[in-house]
Amino acid sequence: MLGLCLCLAGRVVTPHTMLGYLPHRGGSPLLCLWVLLLPLVSLQSPNRHRSPDQGVEDRPKLLLVSFDGFRWDYIYRVPTPNFRSIMEEGVKVEYVENAYITKTFPNHYSLVTGLFAESHGIVANEMYDPALNLSFSMETDSIYDSRWWDEAVPLWVSIQKAGGRSGAAMWPGSDVEIHGMFPTQYLQYNASVSFEARVRKVVEWFSAPEGEAVDFAVLYWEEPDESGHRLGPQSPLMDEVIAGIDEKLGFLLNELKKAGLYEKVNLIVTSDHGMAQLSPEKIIELDEYVDRDLYTWVDKSPVVGILPKEGKLDEVYGSLVDANPNMAAYKRENIPEHFHYRHNIRIMPILLEAKEGWTIMQNRTGHFMLGNHGYDNTIRNMQPVFVARGPAFRQNYLKTSMRSVDLYPLMCHILSIHPLPNNGSLQFIQDLLSSEPTPSTATPPHQTIAPKVSGYSYAPVIGSFIGVVMVLGFLVVYIVLVTVKQRPVLKHRSWEMSQPLLQEDLHL
Ligand SMILES: [Zn+2]
């Protein structure tokens, strides 16, 4: 019986082959029932699109790259042939509205969670959590405390929980244990490791043998952010820095080609934020307006968290609210709604926000930079580059705008991963995807989040209904045939009765 079932499973089952096993042809009734139910078994398999056992060649691959502080318009400033080749072979989005505040840690976590900072909990590069009574600083080991990150689940954790594998080369937060997991493969953060060494690791992870290769990887590089801070984005010296980033991108493309990954791996190249030009003439000195003993300064210009000493909230706020025309002061509950930056206790009771180009300091003895970011995320100079290519993307397609939180559901779609609740929507950027779905994402792009609903709720109901109808039909045929055999006196008449039924069955 088992052997027959396995044999049948390997061939096309048609109504005619089913009839070949009907009892009047000498087949087993149980075998017939199994054959009739066979389509339902495959219809309801929960791992139809994604399985740990799926061949590595068939599984979608995705590499997300961030060049820190690469402003959207840098690619137009000097020849950038490698960015342009991705644009021509894939897609480009001109304006990306990133997450507020436009700083490094909040935005890198938004890219891999689809959440605004108030929801994923990494609200700044420097934070204070009054419930934990802990401080977070990207310049100390405090970032390795999982409690800062556990308010959200990054994509690499979701992939691994779904049976996949991931890799991370220096992406902020990727060397921290989050929800009990590290990426399957990752590099401990070390700024002295070259971009080329990071790329070679990522290519090695994608090229590993079946069962060991990663499905998704993130790759981070510190430039052109560092140069942008030091030189200011308007400096002519930035031209060379930008050209150097394009060369690094060229190195990555070449390594992917050499490894035979270029046509298989979907590649997204973006950034966390842009960069604004500052001026030593545009400095706001808080000491002119409020006694520094009345508050604790959290995070840095141009968006500064102010934690007033106990009972001093109104006094500090009153001193700052109309202090300088180039600085807005908000109580947390009055931060403009479109920033999505209120609902987290790590956001300080008072938020100061400088106008673009202005720097907030306590006095001029503080460290001054010629370039900075963190300002309003609707300011163009705060927005990052975005290009992508690969089997999942359209070719030579330019889109005007998107939000960075929408990238998470898009990446989940490409990887056939169930997206966790997020602030993004695939609907807004589904036009970036090629019309032909990738081999292992059989559902059309507009159903990315829905497939988990439609694929796992309606299909079983419809399948079960069809199955019941087919089984009942089979039983009717079987009962009629048994009746014919067991009632010889009615043989002639029963044969006449059963004949049209069998003929009808043949035309199913
Ligand atoms: Zn950054």
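Nothing in this text is a laboratory measurement; each read-out follows from the coordinates by a stated rule. Note that the coordinates shown come from a computational prediction; the quantities given were computed from them, not determined experimentally. For neighbour counting, all protein chains shown are included, and Cβ atoms are generated from backbone atoms with ideal geometry for every residue, glycine included.
Side notes on the structure shown:
- Segment 137-214 gives an Rg/Rh value of 0.98, both radii derived from C-alpha positions and Rh following Kirkwood.
- Kirkwood Rh and Cα Rg combined as Rg/Rh, segment 283-365: 0.93
- When Met170, Met382 are arranged by Cβ crowding within 10 Å, least crowded first, meaning fewest neighbours, the order is Met170, Met382.
- Relative intensity, log₁₀ I(q)/I(0), of segment 277-435 from a Debye sum that treats every alpha carbon as a point, q = 0.10, 0.17 Å⁻¹: -0.51, -0.99
- Links that overshoot a 26 Å alpha carbon limit, given the list Lys92/Lys248; Lys92/Lys300; Lys61/Lys300; Lys201/Lys300; Lys103/Lys257; Lys103/Lys248: Lys92/Lys300; Lys61/Lys300; Lys201/Lys300; Lys103/Lys257
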